[in-house]
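Peer 1: Take this structure first; my questions come after.
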Amino acid sequence: MTKLKIGVAAAALVFVTNTTMPAAQAAECPVLIGPDWSGETLSPDPARLLSISDVYHARMIYEPLVAADSAMQPVPWLAESWDVNETATEWTFHIRQGVTFHDGSPLTADDVVYTFRRLLDPEVGSPAASELGAIKPEAFQAVDAATVKVTLDSPIVELPAILATKHGMIVKNGASSDDIRFKPNGTGPFTLAELTIGPLKTTFTRNAKYWREGLPKSECLTVTAITEPISRVAALESGDADIVLVVDPATIGTLKANPNVTLTKAPGGTAVTMGMFIDVPPFDDIRVRQAMKLVIDRQAIVDTALLGFGIPGNDNPIMPTSPDAYRTDIMQRDVAKAKQLLAEAGHADGITVDLHAADLMPGTMAMVQAYQQMASDAGIKINIINESAGEYWDNIWLKQAFAVSNWGMRTTPAALSVAYRKDAPWNETHFRLDKYDALLDKAATTLDPDARRKLYQEAQQLISEEGGVIIPMFANIVAATRKGCSGYTPASDHNRPDFSEIACD
């Protein structure tokens with residue numbers, strides 16, 4: 001990779017008051033507080049990574065073949081470099097030498113081949129399979145211990161970006177799913193002898209043989225979670241935590257007043273979504289879906305729910321600030337049009353729907369409350385069902401017809417695939433259009449970048465205008481670090497944190 005930190009280092013924001021804050025008490029390791037915990041499904045297996053707590057665990061232990069920078073462009077990591085032929089049908093990846101797994105065995109091409117074939121294995125059921133598209137498992141071949149060749153039936157000009165999926169972290173050749181989850185053996189900066197399900201914390205130990213010289217800086221790190229935003233701040237100010245990995249906008253004012261806290265903000269944003277099953281009434285009528293979207297004042301949502309720490313969205317996973325976005329203006333609120341569409345759909349007196357929500361990421365609950373008020377102007381009554389964040393991913397998401405979710409930044413082909421391809425395991429809106437998948441397939445094999453971008457834009461428009469996802473905002477990730485700690489800046493994509501430079505006195 002071109003730099004040691006994943007993500008762009010943002011200038012720290014430091015504010016002054018008279019508050020005194022001790023170092024984390026009764027803890028030998030720096031304590032990192034996240035916003036959620038996976039419960040019984042907790043797993044660092046890169047093939048799954050359901051929640052942000054899964055991601056934190058995996059990124060301690062495992063590393064990607066290809067990483068992505070703050071602009072979601074592919075950069076080398078365990079692949080030191082790559083070459084491609086003129087038709088983009090044959091790619092050669094050169095594996096970094098001198099890298100070892102935690103058990104002391106060397107990283108080889110066989111490990112890379114096994115990792116990606118496993119991601120494509122239907123029995124594993126990884127969401128990465130939809131991101132990898134039409135690539136066949138046998139496309140990955142080890143030429144020798146240091147070289148992997150990927151031979152494609154059709155050109156894929158963005159293959160490194162596709163392989164930079166958050167799931168593309170390398171596991172050891174032949175490792176079972178149980179071993180990858182419970183006895184993880186990666187090349188990453190920290191080790192974990194055994195994953196224990198139950199306790200709301202995990203402590204990782206420094207990998208003394210890590211290949212990046214001088215890293216990690218901490219001998220150990222402890223990761224835990226507090227779902228309630230104010231309690232996260234209280235833990236930091238009391239000394240029970242050293243770093244709050246996700247700060248809610250509503251608590252930023254408190255932290256601004258503390259001279260012993262450094263706030264850092266990631267560029268980019270996390271898509272905060274409300275997803276409707278488009279095959280379940282009343283959402284199976286496109287007019288209802290469009291009405292549900294038209295009631296939103298998107299800038300007001302950002303101002304209210306995020307206190308300005310984000311940007312509005314246009315109901316597709318590509319931010320309007322991206323050069324790949326199908327539109328750069330923001331969809332405008334039109335209550336009269338929403339009422340008209342509802343009447344045409346047979347709901348002249350309005351509709352009542354349940355929206356399942358939990359405080360998963362900054363501003364989520366404030367967003368749904370603001371949406372509830374806006375929707376009422378068009379005769380749409382939203383019953384907010386407040387769910388437990390600790391059980392949300394297990395029991396609510398993908399099971400309820402209208403529910404919130406959030407998605408970290410991805411490369412354009414990955415963002416448009418992971419939840420929207422017909423066979424995507426994480427298709428949270430049941431969006432299944434052959435014409436949509438055909439656009440992505442064509443884009444993957446289109447050599448001309450302008451023509452490829454146009455295809456991606458057509459696909460986004462289908463999601464926005466016909467799909468069941470509502471994305472009113474993209475939230476910035478803000479982290480808080482106590483005085484005496486350094487080395488952590490949140491990544492543009494919250495699925496790609498780097499904990500290796502954290503150091504606390």
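Peer 1: Show the residue pairs that are 6+ apart or on different chains and have beta-carbon atoms under 7 Å apart, the first residue being within segment 265-287 and over 30 Å from THR489 (Cβ atoms) and basic (Lys, Arg), the second being at pLDDT 95 or above and part of a loop (DSSP other than H, G, I, E, B).
Peer 2: Sorted first by the residue in segment 265-287, then by its partner, the pairs are ARG287/ALA345.
Peer 1: If you don't mind, another one. Has segment 332-340 got at least one residue that is within 30 Å of LYS399 (Cβ to Cβ) and in a loop (DSSP other than H, G, I, E, B)?
Peer 2: First, the residues of segment 332-340 that are within 30 Å of LYS399 (Cβ to Cβ): 338.
If we keep only those that are in a loop (DSSP other than H, G, I, E, B) as well, we get none.
No.
Peer 1: Another question, if that's okay. If we scan segment 383-396, do we find a residue that is open to solvent by 10 Å² or more (accessible area, probe 1.4 Å), part of a loop (DSSP other than H, G, I, E, B) and not charged (D, E, K, R)?
Peer 2: So far as segment 383-396 goes, yes, one or more of its residues are open to solvent by 10 Å² or more (accessible area, probe 1.4 Å), part of a loop (DSSP other than H, G, I, E, B) and not charged (D, E, K, R).
Peer 1: Here's something else I'd like to know. Against the condition in contact (Cβ under 8 Å) with a residue 40 or more places away in the chain, in contact with a Phe, Trp or Tyr (Cβ under 6 Å, 6 or more places away or on another chain) and buried (at least 19 other Cβ atoms within 10 Å of the Cβ), how does PRO64 come out, does it pass?
Peer 2: Details: in contact (Cβ under 8 Å) with a residue 40 or more places away in the chain: yes; in contact with a Phe, Trp or Tyr (Cβ under 6 Å, 6 or more places away or on another chain): yes; buried (at least 19 other Cβ atoms within 10 Å of the Cβ): yes.
Here the answer is yes, as PRO64 does meet what is asked.
Peer 1: Out of the residues in segment 378-393 that are farther than 30 Å from GLY346 by Cβ and small (Gly, Ala, Ser), state the one that is modelled with the lowest pLDDT.
Peer 2: GLY390
Peer 1: Residues to consider are THR489, THR446; find the one that is in contact with a strand residue (DSSP E or B) (Cβ under 8 Å, 6 or more places away or on another chain) and outside any helix (DSSP H, G or I). Steps first, please.
Peer 2: Values: THR446 fails: in contact with a strand residue (DSSP E or B) (Cβ under 8 Å, 6 or more places away or on another chain).
Being in contact with a strand residue (DSSP E or B) (Cβ under 8 Å, 6 or more places away or on another chain) and outside any helix (DSSP H, G or I) holds for just one of THR489, THR446, which is THR489.
Peer 1: Further, regarding this structure: In segment 370-387, how many are out of contact with any Gly (no Cβ under 7 Å at 6 or more places or on another chain) and within 21 Å of THR429 (Cα to Cα)?
Peer 2: Within segment 370-387, the first condition is being out of contact with any Gly (no Cβ under 7 Å at 6 or more places or on another chain), and the residues that meet it are 370-378, 382-387.
Adding the requirement that they be within 21 Å of THR429 (Cα to Cα) leaves 371-372, 375, 382-387.
Of the residues in that region, 9 qualify.
Peer 1: Give just the number: which of (1) at negative phi; (2) more than 26 Å from the chain's Cα centre (by Cα) does LEU119 not satisfy?
Peer 2: For LEU119, the exception is condition (2).
Peer 1: Also: For LYS339, indicate whether it is under 30 Å from ILE156 (Cβ atoms) and either open to solvent by 30 Å² or more (accessible area, probe 1.4 Å) or out of contact with any helix residue (DSSP H, G or I) (no Cβ under 6 Å at 6 or more places or on another chain) (or both). Talk me through it step by step, then tell me what you get.
Peer 2: Working: under 30 Å from ILE156 (Cβ atoms): no; either open to solvent by 30 Å² or more (accessible area, probe 1.4 Å) or out of contact with any helix residue (DSSP H, G or I) (no Cβ under 6 Å at 6 or more places or on another chain) (or both): yes.
Against the criterion (under 30 Å from ILE156 (Cβ atoms) and either open to solvent by 30 Å² or more (accessible area, probe 1.4 Å) or out of contact with any helix residue (DSSP H, G or I) (no Cβ under 6 Å at 6 or more places or on another chain) (or both)), LYS339 does not qualify.
Peer 1: So which pairs qualify, if the first residue must be in segment 339-366 and over 30 Å from GLY34 (Cα atoms) and modelled with pLDDT of 95 or more, the second must be surrounded by fewer than 22 Cβ atoms within 10 Å (Cβ to Cβ) and of a type in the set (Ser, Thr, Tyr), the Cβ gap must be under 9 Å, and the two must be at least 6 apart or on different chains?
Peer 2: Correct list of pairs: GLY350/SER376.
Peer 1: Here is a follow-up. For segment 397-420, enumerate the residues that are open to solvent by 20 Å² or more (accessible area, probe 1.4 Å) and either free of Cβ contacts under 8 Å to residues at least 40 places away in the same chain or more than 25 Å from ASP297 (Cβ to Cβ) (or both).
Peer 2: Selection gives LEU398, LYS399, GLN400, ARG410.
Peer 1: Okay, moving on. What number of residues in segment 180-194 are over 14 Å from GLY104 (Cα atoms) and in contact with a Leu (Cβ under 7 Å, 6 or more places away or on another chain)?
Peer 2: Count: 2.
Peer 1: Please enumerate the residues belonging to segment 85-129 that are among the hydroxyl-bearing types (Ser, Thr, Tyr) and open to solvent by less than 40 Å² (accessible area, probe 1.4 Å). First the steps, then the outcome.
Peer 2: Of all residues in segment 85-129, those among the hydroxyl-bearing types (Ser, Thr, Tyr) come to 87, 89, 92, 100, 105, 108, 114-115, 126.
Hits for segment 85-129 are THR89, THR92, THR100, SER105, THR108, THR115, SER126.
Peer 1: Now a separate question. Output the residues belonging to segment 135-172 that are within 20 Å of ARG96 (Cβ to Cβ) and over 23 Å from the mean Cα position of the chain (by Cα).
Peer 2: The answer is PHE140, GLN141, ALA142, VAL143, ASP144, ALA145, ALA146, THR147, VAL148, LYS149, VAL150, LYS172.
Peer 1: Could you please find all residues in segment 476-493 being open to solvent by less than 20 Å² (accessible area, probe 1.4 Å) and touching a helix residue (DSSP H, G or I) at 6+ places or on another chain (Cβ under 9 Å)?
Peer 2: VAL478, ALA480, THR481, ARG482
Peer 1: Continuing with the same structure: For residues that are crowded, with 23+ Cβ neighbours inside 10 Å and in contact with an Asp or Glu (Cβ under 8 Å, 6 or more places away or on another chain), scanning just segment 362-373, find the one that is farthest from LEU245 (Cα to Cα).
Peer 2: Going through the qualifying residues, I end up with GLY363.
The rows are residues; the columns are (1) in a helix (DSSP H, G or I); (2) open to solvent by less than 10 Å² (accessible area, probe 1.4 Å); (3) more than 20 Å from ALA161 (Cα to Cα); (4) not acidic (Asp, Glu).
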{"site": "LYS422", "(1), (2), (3), (4)": "no, no, yes, yes"}
{"site": "ASP441", "(1), (2), (3), (4)": "yes, no, no, no"}
{"site": "ASP450", "(1), (2), (3), (4)": "yes, no, no, no"}
{"site": "LYS454", "(1), (2), (3), (4)": "yes, no, no, yes"}
{"site": "GLN457", "(1), (2), (3), (4)": "yes, no, no, yes"}
{"site": "GLN461", "(1), (2), (3), (4)": "yes, no, yes, yes"}
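Peer 1: Select from segment 228-278 the residues that are of a type in the set (Gly, Ala, Ser), crowded, with 24+ Cβ neighbours inside 10 Å and more than 29 Å from GLU428 (Cα to Cα) and list them in ascending order.
Peer 2: ALA241
Peer 1: Let me ask another. How about segment 170-227: which of its residues are open to solvent by less than 20 Å² (accessible area, probe 1.4 Å), of a type in the set (Phe, Trp, Tyr) and under 30 Å from ALA358 (Cα atoms)?
Peer 2: Within segment 170-227, PHE204 is the sole residue that qualifies.
Peer 1: Going through segment 297-328 one residue at a time, which ones are free of Cβ contacts under 8 Å to residues at least 60 places away in the same chain and within 19 Å of the chain's Cα centre (by Cα)?
Peer 2: Listed by number, the residues that qualify are PRO320, THR321.
Peer 1: Would you call TRP397 within 19 Å of MET319 (Cα to Cα) and in contact with a Ser or Thr (Cβ under 9 Å, 6 or more places away or on another chain)? Explain how you work it out, then say what you get.
Peer 2: Numbers: within 19 Å of MET319 (Cα to Cα): no; in contact with a Ser or Thr (Cβ under 9 Å, 6 or more places away or on another chain): yes.
No: the conditions fail for TRP397.
The values are calculated or read from the model by the stated rules, or taken from the named source; none is laboratory data. Everything numeric in this text was worked out from a predicted model, so none of it was measured. Note: ideal-geometry Cβ built from the backbone for every residue, glycine included; neighbour counts use all protein chains shown. Only protein heavy atoms, including side chains, enter the accessible area calculation; ligands, DNA and RNA are left aside. Shrake-Rupley method; radii C 1.70, N 1.55, O 1.52, S 1.80 Å.
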